[in-house]
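Since the structure comes first, as structure tokens, the remarks are kept for the end.
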Amino acid sequence: MSLPSSTIDKTALRKALLDRRQHLDEAGRARKDAAIASHLERYLSAHPLKTLGVFWPIRNEPDLVDFYRRLVAEHIQLALPVVTEKNAPLSFAAWSPGDRMTKDAFGVPVPEKQNFLKMPEALLVPCVGFNSSRYRIGYGGGFYDRTLALAPKPLAIGIAYSFQLVKFETSEHDVPLDLIVTEVSY
């Protein structure tokens, strides 16, 4: 599959990247997810945290739920993002694997009980695409950009597959990530 050559059309680029992610085979995806988790585990062991914002995998994002279980066993407080207002930053609700979930207005799984926490020290941020300057393409709602524009900014760790590295122009509201972890490296 070829990606759009234009660095301007983020909508077409987003569609092409989502299509490519959709067509990953299950075994290959599982290997890539395990490698991402391994890189994250190594990074977090060198940079310990008490709180971490994570994401529930949707639309064929890397599935790190098994890794999240290990983090809970290490007494790291996890939180899932929750959209509380359309044009606002994300809020984060305490969560552990196995907690009851419900779907929000966007169809995204969120904790049924929403015990909101202050901003986690770091966030795992899913990427539809990313560039060499660590800017990301998301789904287009701007929720993570608004969240990362807050002060103090949490450590932002992008999560993606290596094929999602693409060229694109950034907008003035885009906020770079601090680190991007793929199956290849971080």
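Every read-out reported here was derived from the displayed coordinates using simple, explicitly stated rules and does not represent laboratory data. Quick caveat, the model's predicted, so the values are computed rather than measured. Here Cβ is always computed from backbone atoms with ideal geometry, including for glycine, and neighbour counts include all displayed protein chains.
When TRP56, TRP95 are ordered from fewest to most other Cβ atoms inside 10 Å of their Cβ, what list results?
Least to most surrounded, the residues fall as TRP56, TRP95.
How would you order 128-137, 104-113 from highest to lowest mean count of nearby Cβ atoms within 10 Å?
Ranking, from highest mean packing down: 128-137, 104-113.
Which of the trypsin sites (Lys or Arg not before Pro) found in the range 25-102 are in a DSSP loop and have at most 13 neighbouring Cβ atoms, other than their own, within 10 Å?
Counting only loop positions with at most 13 other Cβ atoms within 10 Å, the trypsin sites (Lys or Arg not before Pro) in the range 25-102 are LYS50, ARG59, LYS86, ARG100.
So which residue, out of LEU165, LEU90, LEU150, gets the largest mean-square fluctuation from a GNM of the chain using Cα contacts under 10 Å as springs?
The residue that fluctuates most here is LEU150.
Please report how many Lys pairs in the chain have alpha carbons closer than 19 angstrom, counting only residues at least 8 apart along the chain or sitting on separate chains.
7
Of (1) 35, 21, 16; (2) 24, 19, 16; (3) 22, 21, 18, which is the value of semi-axes √(5λ) of the Cα gyration tensor in Å derived from the coordinates here?
Derived directly from the coordinates: (2).
How much of the DSSP bridge set in the chain is antiparallel, in percent, rounded to the nearest 5?
Expressed as a percentage, antiparallel bridges in the chain total about 45.
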